[in-house]
Every structure is written in structure tokens, then in C-alpha cells.
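Reviewing the structure listed below.
The values are calculated or read from the model by the stated rules, or taken from the named source; none is laboratory data. Every value quoted in this text rests on a predicted model; they were computed, and no experiment measured them. Cβ atoms come from the backbone with ideal geometry, glycine included; neighbour counts cover every protein chain shown. Only protein heavy atoms, including side chains, enter the accessible area calculation; ligands, DNA and RNA are left aside. Shrake-Rupley method; radii C 1.70, N 1.55, O 1.52, S 1.80 Å.
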Number of protein chains: 2
Amino acid sequence: MAERFDRIWHNARLATMRADRPDLGEIERGVIATRGGHIVHAGAKADFPADADAIERIDCEGRWITPGLVDCHTHLVYGGNRAHEFELRLKGASYEEIARAGGGIVSTVAATRKASEAELVAGALPRLDALIGEGATTVEVKSGYGLDAGTEMRQLAAARSLGRQRPVAIRTSFLGAHALPVEAEGDKDRYIDLVCNEMLPAVAKAGLADAVDAFMEGIAFSGEQTARVFETARGLGLPVKLHADQLSNLGGAALAAKFSALSADHLEHTDEAGVAAMAKAGTVAVLLPGAFYFIRETQKPPIEAFRKHGVPMALATDCNPGSSPMTSLLLGMNMGATLFRMTVAECLAGVTREGARALGVLQETGTLEASKWCDLAIWDIERPAELVYRIGFNPLHRRVWRGQ
Amino acid sequence: MAERFDRIWHNARLATMRADRPDLGEIERGVIATRGGHIVHAGAKADFPADADAIERIDCEGRWITPGLVDCHTHLVYGGNRAHEFELRLKGASYEEIARAGGGIVSTVAATRKASEAELVAGALPRLDALIGEGATTVEVKSGYGLDAGTEMRQLAAARSLGRQRPVAIRTSFLGAHALPVEAEGDKDRYIDLVCNEMLPAVAKAGLADAVDAFMEGIAFSGEQTARVFETARGLGLPVKLHADQLSNLGGAALAAKFSALSADHLEHTDEAGVAAMAKAGTVAVLLPGAFYFIRETQKPPIEAFRKHGVPMALATDCNPGSSPMTSLLLGMNMGATLFRMTVAECLAGVTREGARALGVLQETGTLEASKWCDLAIWDIERPAELVYRIGFNPLHRRVWRGQ
């Protein structure tokens, strides 16, 4: 008797994004079959039994299927709205005037602290829905606007809740070491004590974080302070990642590599030694062209060095109210190509396979391969390059999450 | 007896964009009433009869209403697809290699010539729908990929057809002087003869063009050739507009002003004399940050000079396959702010009032004022600045075209 599947998508063109295939791992006459939410077959029609039976058979009419998209770096959950600050800045307001008008990260922290978990969820849902509407099936969400144990945990709980309210996989990162709260009165070391001794153990105990992140920068935390956070995370069995070398080269990439970080993110100022260390550690470079664009940065991340050393490159939205109010991975790809000169294949891998690798979930999603979750994006396009080339156009036909 | 309206939108906040009001002409507690497709009242609730009767009353629940958006510069109708050329360029292909692979404007002209009117319409509809989906109610469409009388007229007919197939006002511009066709064998003057003596009269006679456009640039046509096109247009009673000073300063802005052009577009290299001439002539500056972004231009249009001389600034997508494959006016506004440092009020005026002015239809649309068409965009936002600030997020709640 023939095998029975839950669902078969046929008459499709596949960009499998498999790492063991060249380019996009394209299959011109492809079939995907799912059972129990997983991919059982993703390959050529010729390799698939013609008499295969399924509860539902879907004719894709030649459309392209890619893996469901992965946004591996977002600050999706926050309180407040910084559009007014943006408006003031364009009118020429100074940093001080904006601070007096209640702007800056301080305003987001204040609004986030005031918000209930339900309010945080309600605020984040339209942003999440925008990502889902473009085919995202896995989204990372960071804390980092609470900067006290209660609010950080509420942010992470809100992120977990998003994953129950929408058909999408949410991965959470604890980012207590994002900025110094006002009440710390400039004492970064004492705040890092709080992060390591109280916040992180509480977050870990509650199972609220899948990873631990930090912001290493002159305006944030030093390498030594970051290392303390990472050591604590290691002690608790949590993988780490880092906002590294965004505004200056403090050796963030190398530090991330030293702790076998899943990813180092931003990386505009990373030097070749940092790139080499990342390559050795298998740390993914998460590139965030939305922030580069929004803050009008001119120093580009070292794309050529990543290629030369074989560092995998992911792309993400960095969705956040201060420096990247972006909720489009399609646009993230276009910016990766236009601003960073990444190729079409690199951009597509960046929001699928390498995004999944940056979250430590490449065994589960990010490519079209048997045994992974059946996370698909089905597109009304003639060729995958259109997903990168077009600006402000969404050709998503259907999204499938875990086979549905 | 109380006045009877077709429809009343109440409990709304209005950004009227009226030129006689400061900033956005905001009204916090606003009402709009329509009859026969036109606005009868757009103002404060306090100034509106409480007992007004209507076939339908719509509670906007505090949402913001702006004028329907105007995209005053697009090349929406064309054949073919240049995503592959984009892909090749990112892989490092040279201009020659791309030309050999069938790229460049030549490929779009060839594909457009091959396409039937129905095929051109079918290709353009998804792009038009993307604009409409963000609240556009008036869209300009140029020819310029035919470069022979039959194809230029077919492009314009396809554009007119778009306006019958969707609830949107289409304004057409004849752009025969866009590029030199291959068969002209380098003889620009002889091709301009053809434009002036055959193409333009035929287009005018068929009523296919609302305006005449040209591309004045080293790689396109000279000032003298452009002037000949404009003189012919004037003789036929058609207003003119110009692709001016995009890649170099050839005095395009001044020439456009000399012919009282509706608009001069691009303008990255315009000098202050050109700006002053535009101010005197009432010529609108149409700024196209999508093209600036896509071709990685670094020379910005002279925004300060436009402000100083009081030249109205519009913003448009420049949607075209070669240098701005963009179908989002929201993103156009964000780029106007981020890349050109235009204020929120300038960006919003740029896609409403000034866009309408650039098309010569400001008497009909572009602001919320009695007697104009009732073209509205209703937004799920807290403040209008969000429309400019966010990247890749569409908060459109409802769009209304001519009262419906």
C-alpha cells in the first residue's frame, strides 16, 4: 500500500536552501509532503511515488516554495511609541531637547515598565503579524526594555505568549545587559551584578529565555562586564549572542567567539581578527541593514571578510523603536543587497538557513529537508531573485507553519 | 429639514493637509461628509450640524484620516522582469555582461513591444494593487518603454485601462523622449523628429496623455531636444514635466521652469539658479528617494534651497524595473525623511497635496476640503508621524475613493 501523507504540495518550484546544494538548492519540478507537522519529502517529483496518497493535495501552479522565513534578531515587545521623537529630530531637535520631550531608550523603558503583559502582547501583535504576513515562521524576541527583573520577565513572558496566540515559533533572548537603567546612577558594574546574581538566575529558573544577549559598546557595557554575563549564562546552560562592534570596534566579535556564541550581531566595525575568531567558533554573523539605514551609518560590515573566512551570514529586521522600526524581512533582504552588496543567494540564506543557525534551530527549520518542521513560504514570483529585488512589494501566496 | 449626505465619517482625527493651515492642518475632533463622490464638509465636529442625516454613518473610533495618497511619478506599465539583472549585478557582472544577458532598458523595451495591452495591464495590476493597498487614490503612469508610436500608445492605453479596472484615478504622461531606441542607430535628433512629428500628435489626437514628459540627461536627450518636445506639447495644449538633473546638472530645472512645467523630477544635481527658476514658475520638485537609494546615489537634492525659495516638494515611488522597483509610498516617505531629511509634514504633503499639485489636479484631490473628490485614507495610528517613521508596516484601515 502507498504511503499516506497529511498534505502534498505539487507542481512547485523549490528553493530548498540546503547547505549541501549550490546556490539556492533549486528544484524545478518539486514536491513537498508533510506528516505530523514535519517534512517527509522535499525534492524532485521524479523521486516521489506517483501514487502517494494524502488527505489534501495542493497544486502550486508552478509557484516557488522557500523555507518559512526566520527573523533572528528583533526587539518586538516594548511599550510606547517613538514616532514623535523621530518627528522632532527631523525638525532639528537636539539630543537634549528630545530627552526633555521624553525621548530616547529611557522613554521606552519607562513605557515598558508601565505596561502589563497583556498590553505588551497587544502592542507587539501588529508587528508580529506584519512579519507573518511576509512568510515568517520563526521569530526571535529579546527583552531589554525592562532593566529590572520583573519587567524583563514580563517582556519575555509576553514574547512566549505571542507564540501561543499566533502560528509561529518564538525564540526568546534575555537582554538585561542592554542599557543602564536610570536608578543604577551610572554604576554599570553594580547593575551587571544584579543581572548576573538575580535577573539571569530568575529568568533561567522560569524557563523564559532560550538564549542570553548583551550590548557591548561604549554607550552600553564593556568586554569585561559582557564576559561576566556570558559566564553566568554558561553556568546556567544557556547559549549566548552579542550586539557587537556596531558603533566601534571593542573586540565584540572575538569575545562572542570566545564564548562560542550562536551569533554576533551588527558587526559594522569588526576587524579581520574578529571575523577569523567567529569562523573558528562557528558563530553566525547577523547583519542588520535596517539599523544601518535608519541611523545613516556609513561603515559597512566586513562582508568580504565573512566570505573569505566562511562565516555564515544571517539577515534580520532588528525591529525596535529607536534604531530600526522595521517589520519586513523582504525589505531586510533588499537592504542587504542594496546597502551591503550581498548576493541574492546570501540574502535568501540569511533569512532562512542562516537565521535558523543563528538561533540554534537549524536542525528544526530553515531549509526544505525531510525531518524538519514543515515551515513553508509559497510565493507568486517568477524567480527567487524577485524577493530581494523588489521594494515594498509582498508576493506571498501562502504561509505554512508546521504543516498547516 | 436637515441636509442629507451619502456618508459621514465621524469620531475621526483629520490631517487635512490644507495649504492655508499650519503643519498638517490637524483637526482633533473631525467629521467628513460626502455627497456625489465629493467632500461636502471636512472639519471640526463643532462646525457640523449635529442632526445631519446620511445613508451611512461610520464611526472612525478616533482613527486618523488623511487625503488619499497620490503617487505622481511612476513607470508602472512595462513588460518583462529585471530581477535577474539585479541578481547578476550583485554577483559582480559588468555592464557588458548584463547587456549580453539581455539586461538594461533595452530588455524592458523589447519585452514591452512584445506585450499586448492585456498583458501590460495584467503585469501592472499587482503593482497598482500594492499602491492602492497603502491608500493611493491617484497614480501617475508614464509611457517610455515603447519608443515607437504603436507601443507608446499601447502603454498609455494600458494605463487608462488600469483606471477602469480599479477604483483609482490614473493620470498618464507620454514619455517618448525617455531613451533612444536601438533602431535609431544613435541619431537622437532624428528620433526627436519622430517624437514631435508623429508620436506626440497621434498620442494627443487619441487623448491618451494628460501630460508630456522627457528625460534630459547626457545618456538621454539634450536641452535643445527637450525644448523641441516641449514646444510641440505646448502647441498641442499639453502640460509638460521633466526628468531633470538626476545624474548631472544640465540645467534641466531651469528649462522645465521656462516651459512652466507642472514638475521637475529627481533634481539631485539642481543648482540654486534652477531652484529659483522653479519657484518663479510654480514648478513642483518631485523627489524620488527610491531611485536615489537603489542606484546608491550620494548627491542629495537641494532640500534647503527648495525650502528657502518656497518650491513645493512632492514625493513619489518612481516605480520602474531598472532603478526603483518600489511600490510603496509609505516607504517613499520614510526614505524622504531618512535619506533626504525631509520633515514629517513635508513627507506627508509630498504624497498628498504636493503630489496632486505636481499632476495639476490639486483642485480635485490632495487635501481634505469641501468640493474636492472624497479621496481618503483611514489609518490605525496614534499620530501621523507613524506613517513616516515605520519601515515596512502598513497601518491602512480603509481607503475611500470618490466617496466609496
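Which of the following residues is facing another protein chain (nearest Cβ under 10 Å) and touching a Phe, Trp or Tyr at 6+ places or on another chain (Cβ under 6 Å): A:Ser328, A:Ser324?
Details: A:Ser328 fails: touching a Phe, Trp or Tyr at 6+ places or on another chain (Cβ under 6 Å).
Criteria check complete, one pass: A:Ser324.
If you check B:Ala206, B:Ala211, B:Ala257, B:Ala233, which single one turns out to be of a type outside the set (Phe, Trp, Tyr) and closer than 17 Å to B:Pro312 by Cα? Reasoning before the result, please.
Values: B:Ala206 fails: closer than 17 Å to B:Pro312 by Cα; B:Ala211 fails: closer than 17 Å to B:Pro312 by Cα; B:Ala233 fails: closer than 17 Å to B:Pro312 by Cα.
Matching residue, one of B:Ala206, B:Ala211, B:Ala257, B:Ala233: B:Ala257.
Within the range A:54-95, how many residues are of a type in the set (A, V, I, L, M, F, W, C), under 27 Å from the mean Cα position of the chain (by Cα) and within 14 Å of chain B (Cβ to nearest Cβ)? Outline the logic, then answer.
Going through the range A:54-95, the residues of a type in the set (A, V, I, L, M, F, W, C) turn out to be A:54-55, A:58, A:60, A:64-65, A:69-70, A:72, A:76-77, A:83, A:86, A:88, A:90, A:93.
Subsequent filtering for residues that are under 27 Å from the mean Cα position of the chain (by Cα) retains A:64-65, A:69-70, A:72, A:76-77, A:83, A:86.
Now restrict to residues that are within 14 Å of chain B (Cβ to nearest Cβ): A:64, A:69, A:76, A:83, A:86.
Qualifying residue count, the range A:54-95: 5.
With respect to A:His41, determine if the residue is under 14 Å from A:Ile27 (Cα atoms), touching a strand residue (DSSP E or B) at 6+ places or on another chain (Cβ under 6 Å) and more than 12 Å from chain B (Cβ to nearest Cβ).
Details: under 14 Å from A:Ile27 (Cα atoms): yes; touching a strand residue (DSSP E or B) at 6+ places or on another chain (Cβ under 6 Å): yes; more than 12 Å from chain B (Cβ to nearest Cβ): yes.
Considered against the rule, which asks whether it is under 14 Å from A:Ile27 (Cα atoms), touching a strand residue (DSSP E or B) at 6+ places or on another chain (Cβ under 6 Å) and more than 12 Å from chain B (Cβ to nearest Cβ), A:His41 comes out as yes.
Keeping to the range B:374-404, report how many residues are away from chain A (no Cβ under 14 Å) and in contact with a strand residue (DSSP E or B) (Cβ under 6 Å, 6 or more places away or on another chain). If you could, list the steps in order and put the result at the bottom.
Quick first cut of the range B:374-404, residues away from chain A (no Cβ under 14 Å) only: B:374-378, B:398-404.
Applying the additional criterion that residues be in contact with a strand residue (DSSP E or B) (Cβ under 6 Å, 6 or more places away or on another chain) yields B:374-378, B:398-403.
Of the residues in the range B:374-404, 11 are away from chain A (no Cβ under 14 Å) and in contact with a strand residue (DSSP E or B) (Cβ under 6 Å, 6 or more places away or on another chain).
So B:Val139 fits all but one of (1) among the aliphatic types (A, V, I, L, M); (2) closer than 30 Å to B:His397 by Cα; (3) in contact with an Asp or Glu (Cβ under 7 Å, 6 or more places away or on another chain); (4) surrounded by fewer than 20 Cβ atoms within 10 Å (Cβ to Cβ); what number is the exception?
If we test B:Val139 against (1) among the aliphatic types (A, V, I, L, M); (2) closer than 30 Å to B:His397 by Cα; (3) in contact with an Asp or Glu (Cβ under 7 Å, 6 or more places away or on another chain); (4) surrounded by fewer than 20 Cβ atoms within 10 Å (Cβ to Cβ), just (4) comes out false.
Report yes if A:Leu255 is under 18 Å from the mean Cα position of the chain (by Cα) and at pLDDT 95 or above, otherwise no.
Details: under 18 Å from the mean Cα position of the chain (by Cα): no; at pLDDT 95 or above: yes.
Against the criterion (under 18 Å from the mean Cα position of the chain (by Cα) and at pLDDT 95 or above), A:Leu255 does not qualify.
Working only within the range B:280-294, note down all residues that are assigned to a loop (DSSP other than H, G, I, E, B), crowded, with 19+ Cβ neighbours inside 10 Å and away from chain A (no Cβ under 14 Å).
To start, the set of residues in the range B:280-294 that are assigned to a loop (DSSP other than H, G, I, E, B) comprises B:282-283, B:288.
After this cut, where a residue has to be crowded, with 19+ Cβ neighbours inside 10 Å as well, the list is B:283, B:288.
The one that is assigned to a loop (DSSP other than H, G, I, E, B), crowded, with 19+ Cβ neighbours inside 10 Å and away from chain A (no Cβ under 14 Å): B:Thr283.
If you scan the range B:118-134, which residues turn out to be within 13 Å of another protein chain (Cβ to nearest Cβ) and either crowded, with 20+ Cβ neighbours inside 10 Å or assigned to a helix (DSSP H, G or I) (or both)? I'd like the intermediate steps shown before the answer.
Initial filter on the range B:118-134 (within 13 Å of another protein chain (Cβ to nearest Cβ)): B:122-134.
Matches in the range B:118-134: B:Ala122, B:Gly123, B:Ala124, B:Leu125, B:Pro126, B:Arg127, B:Leu128, B:Asp129, B:Ala130, B:Leu131, B:Ile132, B:Glu134.
Return yes or no: is B:Arg341 in contact (Cβ under 8 Å) with a residue 12 or more places away in the chain, at the interface with chain A (Cβ under 8 Å from one of its Cβ atoms), surrounded by fewer than 21 Cβ atoms within 10 Å (Cβ to Cβ) and not aromatic (Phe, Trp, Tyr)? So that I can check it myself, show each step before the final result.
Values: in contact (Cβ under 8 Å) with a residue 12 or more places away in the chain: yes; at the interface with chain A (Cβ under 8 Å from one of its Cβ atoms): yes; surrounded by fewer than 21 Cβ atoms within 10 Å (Cβ to Cβ): yes; not aromatic (Phe, Trp, Tyr): yes.
Criteria met by B:Arg341.
Please pick out the residue among A:Ser107, A:Ser94 that is of a type in the set (S, T, N, Q) and closer than 25 Å to A:Leu288 by Cα.
Values: A:Ser94 fails: closer than 25 Å to A:Leu288 by Cα.
Selected residue: A:Ser107, the only one of A:Ser107, A:Ser94 that is of a type in the set (S, T, N, Q) and closer than 25 Å to A:Leu288 by Cα.
What residue, among those in the range B:307-319 that are outside any loop (DSSP other than H, G, I, E, B) and open to solvent by less than 10 Å² (accessible area, probe 1.4 Å), is nearest to the other protein chains (Cβ to nearest Cβ)?
Start the filter on the range B:307-319 by keeping residues that are outside any loop (DSSP other than H, G, I, E, B), which leaves B:307-309, B:313-315.
Keeping just the survivors that are open to solvent by less than 10 Å² (accessible area, probe 1.4 Å) gives B:314-315.
Numbers: B:Ala314: 17, B:Leu315: 13 Å.
Among residues in the range B:307-319 that are outside any loop (DSSP other than H, G, I, E, B) and open to solvent by less than 10 Å² (accessible area, probe 1.4 Å), the one nearest to the other protein chains (Cβ to nearest Cβ) is B:Leu315.
Okay, residues lined up against (1) touching a residue at least 24 places away in the same chain (Cβ under 8 Å); (2) open to solvent by less than 10 Å² (accessible area, probe 1.4 Å); (3) aromatic (Phe, Trp, Tyr):
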| position | (1), (2), (3) |
| --- | --- |
| A:Arg353 | yes, no, no |
| A:Thr365 | yes, yes, no |
| A:Asp375 | yes, yes, no |
| A:Trp379 | yes, yes, yes |
| A:Gly392 | yes, no, no |
| A:Arg402 | yes, no, no |
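Among the numbered criteria (1) open to solvent by less than 30 Å² (accessible area, probe 1.4 Å); (2) within 19 Å of the chain's Cα centre (by Cα), which single criterion is violated by B:Ser260?
Failed condition: (1).
Go over the candidates A:Glu346, A:Glu297, A:Glu304 one by one and state the one that is within 18 Å of A:Val70 (Cβ to Cβ), open to solvent by 10 Å² or more (accessible area, probe 1.4 Å) and either within 13 Å of chain B (Cβ to nearest Cβ) or touching an Asp or Glu at 6+ places or on another chain (Cβ under 9 Å) (or both).
Numbers: A:Glu297 fails: within 18 Å of A:Val70 (Cβ to Cβ); A:Glu304 fails: within 18 Å of A:Val70 (Cβ to Cβ).
Unique residue meeting the criteria: A:Glu346.
Against the condition within 30 Å of A:Arg29 (Cβ to Cβ) and either buried (at least 24 other Cβ atoms within 10 Å of the Cβ) or within 15 Å of the chain's Cα centre (by Cα) (or both), how does A:Glu152 come out, does it pass? Before the answer, list the steps.
Numbers: within 30 Å of A:Arg29 (Cβ to Cβ): no; either buried (at least 24 other Cβ atoms within 10 Å of the Cβ) or within 15 Å of the chain's Cα centre (by Cα) (or both): yes.
Considered against the rule, which asks whether it is within 30 Å of A:Arg29 (Cβ to Cβ) and either buried (at least 24 other Cβ atoms within 10 Å of the Cβ) or within 15 Å of the chain's Cα centre (by Cα) (or both), A:Glu152 comes out as no.
Only residues that are within 26 Å of B:Ser107 (Cα to Cα) and either of a type in the set (Asp, Glu) or touching a Lys or Arg at 6+ places or on another chain (Cβ under 8 Å) (or both): list them for the range B:308-347, please.
B:Asp318, B:Cys319, B:Pro321, B:Gly322, B:Pro325, B:Met326, B:Thr327
Provide a single number: the residues in the range A:189-242 that are among the β-branched types (Val, Ile, Thr) and either free of Cβ contacts under 8 Å to residues at least 24 places away in the same chain or part of a strand (DSSP E or B) (or both). Don't jump to the end; show me each part of the working.
Here is the first cut: in the range A:189-242, the ones among the β-branched types (Val, Ile, Thr) are A:192, A:195, A:203, A:212, A:219, A:226, A:229, A:232, A:240.
In the following step, the residues that additionally are either free of Cβ contacts under 8 Å to residues at least 24 places away in the same chain or part of a strand (DSSP E or B) (or both) were identified as A:212, A:240.
Number satisfying all stated conditions: 2.
Mind listing whichever residues of the range B:22-47 are at pLDDT below 95 and within 27 Å of B:Gly350 (Cβ to Cβ)?
Selection gives B:Pro22, B:Asp23.
Can you tell me which condition A:Gly360 does not meet? The list is (1) at negative phi; (2) of a type outside the set (Ser, Thr, Tyr); (3) touching a strand residue (DSSP E or B) at 6+ places or on another chain (Cβ under 8 Å); (4) touching a residue at least 60 places away in the same chain (Cβ under 8 Å), and all the others hold.
Exception for A:Gly360: condition (1).
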